[in-house]
Every structure is written in C-alpha cells, then in structure tokens.
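Have a look at the structure below, then the notes.
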Amino acid sequence: MAKLAQRLPENVVGDFYVDSTCIDCDACRQIAPEVFRDHGEQSSVYHQPATDEEVRRALMALVACPTASIGATAHYDKRPGIEAFPQPLAEGVYFCGFTSEHSFGAWSYLIVRPPARGGNVLVDSPRYASHLVRRIEALGGLRHIFLSHRDDIADHARYAARFKAQRIMHADDHAARHGVEHVIAGTDAVRLDDELTIIPTPGHTRGHMVLLYRDKFLFTGDHLAWSPERATLTAFRSVCWYSWPEQTRSMERLLDYRFEWVLPGHGRIHHTSADEMRAHLEHCIEWMKARG
C-alpha cells in the first residue's frame, strides 16, 4: 500500500499520489495518461482526476501498479478499478492488469476463444489476484500459458496449477527448470493450432519468443514495442540481455509475417494496418542496424 509519508514531491496537490517505491514500469502512464506522467525515472500525478472516467482510470492504475505505489488520501471505492480487468482491447483480446513486481510491471494478456478453436491463452503472467482468477474462470479458464521469456513469468505456476493449463516456453530460457510442460527448441516457427504461431526471437534473452494470433495480433514480450517519442516501432538496446545482433536478425524474421497489432510486455501498444506495420518494422530494423 502506498504511504503518504513517502509521497513524491513531484505530485500535484490533491488526493491521488505516487510514493517513492515507484519502479518506473510505465503501467500507470499507459492506463491513465491524463493523470500520471514520467518526471524522470519515476511516475507522479500531474493532473488530479476531475471526472468520473478520470477517477476510474486512476483507480485502474492503482490496482494495476506492481508495487502498490499509487495511493489516495480520500476514500475511494476501488471496485471500478478492480472490475475493469481484464480490460477488452479487441476481438477477444484482453489486457489482464494486476502487473507483477517480479516481472517489473510487464503487461500480460488473455486471448479468449471457444474450446473448439483451442481454448483460452494467457500470454505471460500477471500477479495472482483472486478477482482476475474468477474472471478468467468465468471466461472459460485457461488451456495454454505462453511465456515469452524468463523475465515476465511472475505467478505462472499458480495459474497453471489453478487451471491445469499447459505452459509453453523456450528451452534456452530454462523452461525445464520452471516445470514447463511444452518446451520449444531451436529458431523455427511452431504452429500451435490454426490461429496461433510461436516465433522464436532470440535477442532480448536467448530463448525469447513472440506469439502471432490470427495473423493480426503479435504479442511481443520485450522484443518489440511502439515508441510514442519516435512515432514508430522500437527495440530496447539498454535492456538487451543476450545479443543485439541476434535481436536484429530476429526482427528481420518477423518481416515474413503480417500483423496489425503489437502488444508488448514493456512499451506501448500500437494498432495500424498490416502494410503500415511492416513499414514501421522495416524502419525499426534499419535503426537497429545503425546502432550496431
């Protein structure tokens, strides 16, 4: 729980605030950009919520915060923030909220599908939260848990046990050590079913993978994200734990696929036409090569 005694001085006067435990994961700024800002390695409130919708979004950020660094001096019913998750994005794809400190606040997603089409898929793991568990159960449970890489696995074991779901992870990110049931090896793409393609993308980590759903939604882990500052797709050189040249080559392999959504664990979501997304991807690859 956020502590008023640790309220950051960068917060404007008012009920909502961020305290000094903030780890700068960016979740609150994505969820409620009209309330939270980056003031340099941490977030703070720059505009106190003035409408019901702004309050709801601020409460969503409070609930999603992985370190419970967001607080309010007045009493607010947190149910609107809690009940907003999982948040629908498009065509049966949801943002789970409830980010985990163990994954540095990385975003996880839920794909909801009928059993006949393969069932539901959790993409990376949020923290284990009773409300989210109940909602996933109401939406049909989980058939698979896709773990893009070792950084964003959070409470995967608890979700797998609760829903008897099969976890999928690459051998090079120590899948066996984590008790994963379906271990991917090598760099060849793997068709999980008619709608899901697993694409190994080593670079950020040795065993990083992305997941393509219906040739439209690309769940990218820490491989690829949208940059609002550069207004194009980007990768993160400063947190490339394994190999930047390998990540660049992995990015080039994505040119073989069409997609309209980029849904990352860290960084911003983006949606545009497949042709425009390809142009952004080509630009990103050239930028990566220039950075060597």
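The table for this structure:
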quantity: Residues located in the range 61-84, provided they are surrounded by 22 or more Cβ atoms within 10 Å (Cβ to Cβ) and either within 15 Å of Val123 (Cα to Cα) or of a type in the set (A, V, I, L, M, F, W, C) (or both); calculated: Ala61, Leu62, Val63, Ala64, Cys65, Ile70
quantity: Odd one out for Ser44 among (1) open to solvent by less than 50 Å² (accessible area, probe 1.4 Å); (2) of a type in the set (S, T, N, Q); (3) in contact with a helix residue (DSSP H, G or I) (Cβ under 8 Å, 6 or more places away or on another chain); calculated: (3)
quantity: Ala235 vs. criteria open to solvent by 60 Å² or more (accessible area, probe 1.4 Å), farther than 18 Å from Ile111 by Cβ and out of contact with any strand residue (DSSP E or B) (no Cβ under 6 Å at 6 or more places or on another chain); calculated: no
quantity: Residue among Glu246, Glu276 that is more than 20 Å from Ile111 (Cβ to Cβ) and either exposed (fewer than 14 other Cβ atoms within 10 Å of the Cβ) or in contact with a Phe, Trp or Tyr (Cβ under 7 Å, 6 or more places away or on another chain) (or both); calculated: Glu276
quantity: Pairs with Cβ under 9 Å, 6+ apart, first in the range 131-146 and farther than 25 Å from Thr220 by Cβ and hydroxyl-bearing (Ser, Thr, Tyr), second at pLDDT 95 or above and open to solvent by less than 30 Å² (accessible area, probe 1.4 Å); calculated: none
quantity: Some residue of the range 249-263 being under 17 Å from the mean Cα position of the chain (by Cα), within 12 Å of Ser148 (Cβ to Cβ) and open to solvent by less than 50 Å² (accessible area, probe 1.4 Å); calculated: yes
quantity: Hey, Gly186 crowded, with 16+ Cβ neighbours inside 10 Å, at positive phi and part of a loop (DSSP other than H, G, I, E, B) or not; calculated: no
quantity: Complete set of residues in the range 197-241 that are touching a residue at least 12 places away in the same chain (Cβ under 8 Å) and of a type in the set (Asp, Glu); calculated: Asp215, Asp222
quantity: Complete set of residues in the range 11-40 that are open to solvent by 30 Å² or more (accessible area, probe 1.4 Å), under 14 Å from Gly105 (Cβ atoms) and free of Cβ contacts under 8 Å to residues at least 40 places away in the same chain; calculated: Asp24, Asp38
quantity: Ala106 open to solvent by less than 30 Å² (accessible area, probe 1.4 Å), in contact (Cβ under 8 Å) with a residue 60 or more places away in the chain and in contact with a Gly (Cβ under 7 Å, 6 or more places away or on another chain); calculated: yes
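Residue-by-condition table, conditions (1) over 19 Å from Trp241 (Cβ atoms); (2) modelled with pLDDT of 95 or more; (3) hydrophobic (A, V, I, L, M, F, W, C); (4) under 17 Å from the mean Cα position of the chain (by Cα):
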| residue | (1), (2), (3), (4) |
| --- | --- |
| Ala116 | yes, yes, yes, no |
| Asp124 | no, yes, no, yes |
| His149 | no, yes, no, yes |
| Ile153 | no, yes, yes, yes |
| Arg158 | yes, yes, no, no |
| Gln166 | yes, yes, no, no |
| Gly186 | yes, yes, no, no |
| Ala189 | yes, yes, yes, no |
| Arg206 | no, yes, no, no |
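The values are calculated or read from the model by the stated rules, or taken from the named source; none is laboratory data. In this text the structure is predicted, and so the values were computed from the model without any measurement. Every residue, glycine as well, gets a Cβ built from its backbone with ideal geometry; the counts of neighbours run over all protein chains shown. With ligands, DNA and RNA removed, areas are computed over all heavy atoms of the protein, side chains included. Shrake-Rupley method; radii C 1.70, N 1.55, O 1.52, S 1.80 Å.
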